[in-house]
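The values are calculated or read from the model by the stated rules, or taken from the named source; none is laboratory data. In this text the structure is predicted, and so the values were computed from the model without any measurement. Neighbour counts are summed over all protein chains in view; Cβ atoms, including those assigned to glycine, are modelled from backbone coordinates with ideal geometry.
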Amino acid sequence: MSSPDADDHLKPWETVRRGLLMLVSSPGGAGKTSLSRRLVADFAGMRLSISATTRPPRPGEEEGREYFFKTREQFEAMIAAGELLEWAEVNGHLYGTPKAPVMAALEAGRDVMFDIDWQGARQVAESAPDDSVRIYILPPTWSDLSRRLHARAQDSEDVISQRLALGRREVTHWDEYDYVVVNKDFDSAYAELVHIYRAERMKPGRNPWLPPFVEGLLGETV
C-alpha cells in the first residue's frame, strides 16, 4: 500500500496533467469509429465519450457502450437542464454529449475520445478551446467510401444514398480541423493518429509541472 506522501516521490512528469479532448470526425464509413476505439483500447489514460442519441440501436449495439439511447422527450429534457456539452440533429435524430463526466475526466488528467460529427466538434471546441484537438478522417476515394457503407450491410440502399449525400456536405468542413488523416490503409492511418495524440499530450499548456520544473533546472548549480 502506498504511504500518504507517496506522491512526494513522483518525478514532475509523472504528476497529474490536464486531460485533452480528441475530437475525431469523418463522413460515415471513413473509419473514425474503428480508429478512435483502437486508440482508446491501446492507451489506458484515455476513455471514450459515450453520446446520447434518439437514433434506434443498430444490430449489435448496446446501451451504454455505443450510445445512451433516449427518446426525443428524454433528450430534450437533458437539453433544457443544461446537461449536454454539445448536441445536434443529424438525419432526423438527436445526438449529444453528457457534460459532467467529460469535465470530471479533464480535471483528473484523463483524455477523452470523441467519435463526433463536425457540428458537435465545433461546439465542443468552442466550449473548451484549450483542451480540444480536432482530427478529420477522409476516405482515399468516394467510391471506396460507398464500398465500405455497402459492405456493412446495416442500411438500406436509400439510407446509404442519404449518408453519402450527407458525407459530401460534411467533408466541406475539413478545414476547421487541426489535423487531417486520409484512411487509405488502417494501420498507417492509426499510426498517424497515435503520433498526433502523443504530440498533443506533450504541449506545455497541458503539463502544469513544466514551469516549476524548468525553474528548478535553472536554479541548479553545477
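Only one of (1) of a type in the set (Val, Ile, Thr); (2) more than 14 Å from the chain's Cα centre (by Cα); (3) modelled with pLDDT of 90 or more fails for Thr15. Which number is that?
Tallying (1) of a type in the set (Val, Ile, Thr); (2) more than 14 Å from the chain's Cα centre (by Cα); (3) modelled with pLDDT of 90 or more, Thr15 fails exactly one: (3).
Inside segment 95-112, can you point out the residues that are crowded, with 22+ Cβ neighbours inside 10 Å and either touching a helix residue (DSSP H, G or I) at 6+ places or on another chain (Cβ under 6 Å) or modelled with pLDDT under 90 (or both)? If you could, list the steps in order and put the result at the bottom.
Step one: of segment 95-112, the residues crowded, with 22+ Cβ neighbours inside 10 Å are 95-97, 102, 111-112.
If the condition is that a residue be crowded, with 22+ Cβ neighbours inside 10 Å and either touching a helix residue (DSSP H, G or I) at 6+ places or on another chain (Cβ under 6 Å) or modelled with pLDDT under 90 (or both), then Val112 is the only one that fits.
Quick test for you: out of Glu157, Glu126, Glu170, pick the one residue that is more than 16 Å from the chain's Cα centre (by Cα), closer than 22 Å to Thr97 by Cα and among the charged types (D, E, K, R). Full working, then the answer.
On the way: Glu157 fails: closer than 22 Å to Thr97 by Cα; Glu126 fails: more than 16 Å from the chain's Cα centre (by Cα).
None of the other options fit; the residue is Glu170.
Scan the helices (runs of 4 or more DSSP H) fully inside segment 108-222 and keep the ones with 1 or more residues being under 20 Å from Val16 (Cβ atoms). Write out each step before concluding.
Working: elements: 118-127, 142-152, 157-171, 186-201, 210-219.
Here the list reads 186-201, 210-219.
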